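The values are calculated or read from the model by the stated rules, or taken from the named source; none is laboratory data. These numbers come from a predicted model, not from an experiment. Glycine gets a Cβ as well: all are built from the backbone with ideal geometry, and neighbour counts include every protein chain shown. These accessible areas exclude ligands, DNA and RNA; they are computed on the full protein's heavy atoms, side chains included. Shrake-Rupley method; radii C 1.70, N 1.55, O 1.52, S 1.80 Å.
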Amino acid sequence: MKLARKLIFALVVGIFAVMACNAYLRLRSQMEFFEADTERDLRAAARALASGIEALWRDDGEERAQRFVEEVNLLREEIDLRWIWLDQRRPRELPPGLSPEDVKTLLRGDVVTFVRYEDDGQRRYMYWPLLIGGRPPAALELSESLVREESFIRASQITILLTALGVSLVCGLIATVIGVLFVGRPMRLLSEKARRVGAGDLSGPLILRQRDEIGELAEEINAMCERLAEAQRETARETEARIQAIEQLRHVDRLRTVGQLASGVAHELGTPLNVVSGHARMIRSGELSPAETAASADVIVEQTKRMTTIIRQLLDFSRRTGPKLDDADLGDIVASTLAMLGPLAEKRGVTLQVAEAPEAAPVRADRNQLQQAITNLVVNAIQATPQGGTVSLAITRRPAAQAAGQADVETNGEDLIELTVVDAGPGIAPEHLPHVFEPFFTTKDVGEGTGLGLAVAYGIVREHGGWIEVSSELGHGARFSIVLPPASPPRPAERKAVA
């Protein structure tokens, strides 16, 4: 039941209860007053008649006294009179309702009164003792019908009941109007406002022109919504700034990696440039036949394409782009990454190999961002591996059940895709393992690392709905695993960059 209905119901019930109690007390008071008044009239009449009857009995005898009672009975319509003998020597039947105990009471000189139910309704009886010394005891019976009293009580009951109902209805109507205007409608507006706030809609202030607690509550809710709206705007600004900072850090990390790759790329470009230069000089000398000139031109074109591919890979990697999720094959991304990092690995004397890979490893990813995450892991592995060592990569599948306990990971019941990068370096100390993904945490020498690579990789993988695991033992290298959900419908929702 709504609050307004509860208040109206409680008020109406309270008013009706008060009116009912008042009606009961009034009826009871009127009945007691009526009974007392009736009994008082009977006593006054009995006292006056008894004095006259006793005087006649003493002066004129028994018959004259009884005849006087009969004459008076004919004259009084409201009260019936009768002569009653109490002397047991005169065998007479006692009137109905008068018990032997009542007779003893009358013989002691006391008055007996009672009410008896008869066919025509209730009737009040009063017996007044007539005790004259030396004469048989008698009593005067006075009886009066209570039909008027019953009619009066019924009329009073109906009047009081109708009054109580009328007052209750009027008060109920007033309470309904007041409850709807000052409780029901404001509470409904407050509920609607609370639902809108819960749904994230903070617009539209709640206007209640009431100077009471509900009006104060509405003002507080409006103030709360204003504060929440300002907090939302501030959060949006901070989030946008945070995203931009993260993107900037990722771009810086890409540029750092590009710098590390530059020497390797220069070496890669040196050989095709020498080939192009040699063939160009041969063509310029004019000593070649037309067929040899065409062959040299083909070599120049081929080497030019090779150099263009190398430079394009480096530019694509360094270019700053926004996230764009699409279906991709993890094997293709790994192959492209290893081709780009080949010169760096060759310069350091480290071998890159893919130990295991399925025919297809479909994932839902931003190719450039995922390539950056893989690049960061492989570059760290190359730097950690001594000359002559091997960095091994493997693409495998994991059961979907292993995603339980990982937040925001959607597998749709399909196996997870896992990329493992294993180096042959000295390993990571146990006390450093919990901090490897923290920004700016690094154990490398000054100038070799910024502490952003693993942190950036961790953020990118989390945005793709996966996670990164790391395990290591001192002297036995380190093992990093990127675990991603498969690209299968329904696809994971594209996520905005978060830290």
Practice item. Mind checking which aspartates and glutamates have their Cα closer than 13 Å to the Cα of LYS324? Skip sequence neighbours fewer than 8 apart in that chain. Key: ASP366, GLU463, GLU494
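Among the trypsin sites (Lys or Arg not before Pro) within the stretch 199-244, which fall in a DSSP loop and have no more than 14 other Cβ atoms within 10 Å of their own Cβ?
Values: sites: ARG209, ARG211, ARG227, ARG233, ARG237, ARG242; in loops: ARG209, ARG211.
Those that pass, being in a loop and sparsely packed, are ARG209, ARG211.
Leaving ligands, DNA and RNA out of it, report the carbon-plus-sulfur percent of the accessible area of the stretch 126-223 at a 1.4 Å probe.
It is 65 percent, rounded to a whole number.
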**Study point:** Positive-pole candidate from PHE34, VAL13, LEU56, dipole of the stretch 1-81, charges at beta carbon
**Key:** VAL13
Review point. For the stretch 1-130, what is the relative contact order in percent, using Cα pairs closer than 8 Å and at least 6 residues apart in sequence?
Key: 15
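Length gain on complete extension for the stretch LEU273 to LEU131, per 0.36 nm per residue less the alpha carbon to alpha carbon distance?
Difference between extended and current length: 35.2 nm.
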Check your understanding: What nm distance separates the two modelled labels at GLN248 and ARG82, each placed 7 Å from Cα along Cα→Cβ?
Key -> 11.9
Exercise for review: Take every Cα-Cα pair in the stretch 20-155 and report what % of them are more than 25 Å apart.
Suggested key: 32
Exercise for review: Would you work out which of ALA357, VAL379, SER336 lies farthest towards the positive end of the dipole of the stretch 330-404, given +1 charges on the beta-carbon of Lys and Arg and -1 on that of Asp and Glu, about the Cα centre?
Suggested key: VAL379
Check your understanding: Where the centroid of each part is defined by its Cα atoms, how far is the stretch 1-75 from the stretch 338-397 in Å?
Key -> 113
Practice item. Treat each spin label as a single point 7 Å out from the Cα along the C-beta direction, and report the ALA55 to LEU189 distance in nm. Key: 8.6
Review point. Working out 0.36 nm times the residue gap between VAL180 and ALA429, then minus their Cα-Cα distance, what length gain in nm do you get to one decimal?
Key: 82.5 nm
Revision key, fill the gap. Residue span THR293 to GLN30: 0.36 nm per residue of separation minus Cα-Cα distance leaves a gain in nm of 80.9 nm
Review point. For the stretch 36-91, with every protein chain kept in place, what is the accessible area per residue (1.4 Å probe, Å²)?
Key: 64
Practice item. Work out the length of the dipole vector of the stretch 38-101 about its Cα centre, built from +1 on the beta-carbon of each Lys and Arg and -1 on the beta-carbon of each Asp and Glu, and round it to the nearest 20 debye. Key: 160
Practice item. Calculate the spin-label point distance for GLU473 paired with THR308, positioning each point 7 Å from the Cα along the beta-carbon direction, and give it in nanometres. Key: 5.1
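How high is the relative contact order of the stretch 325-377, in percent, with contacts defined as C-alpha pairs under 8 Å that are six or more residues apart?
62
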Point to revise | C-alpha center-to-center spacing [the stretch 278-292, the stretch 154-203] in angstrom | key: 105
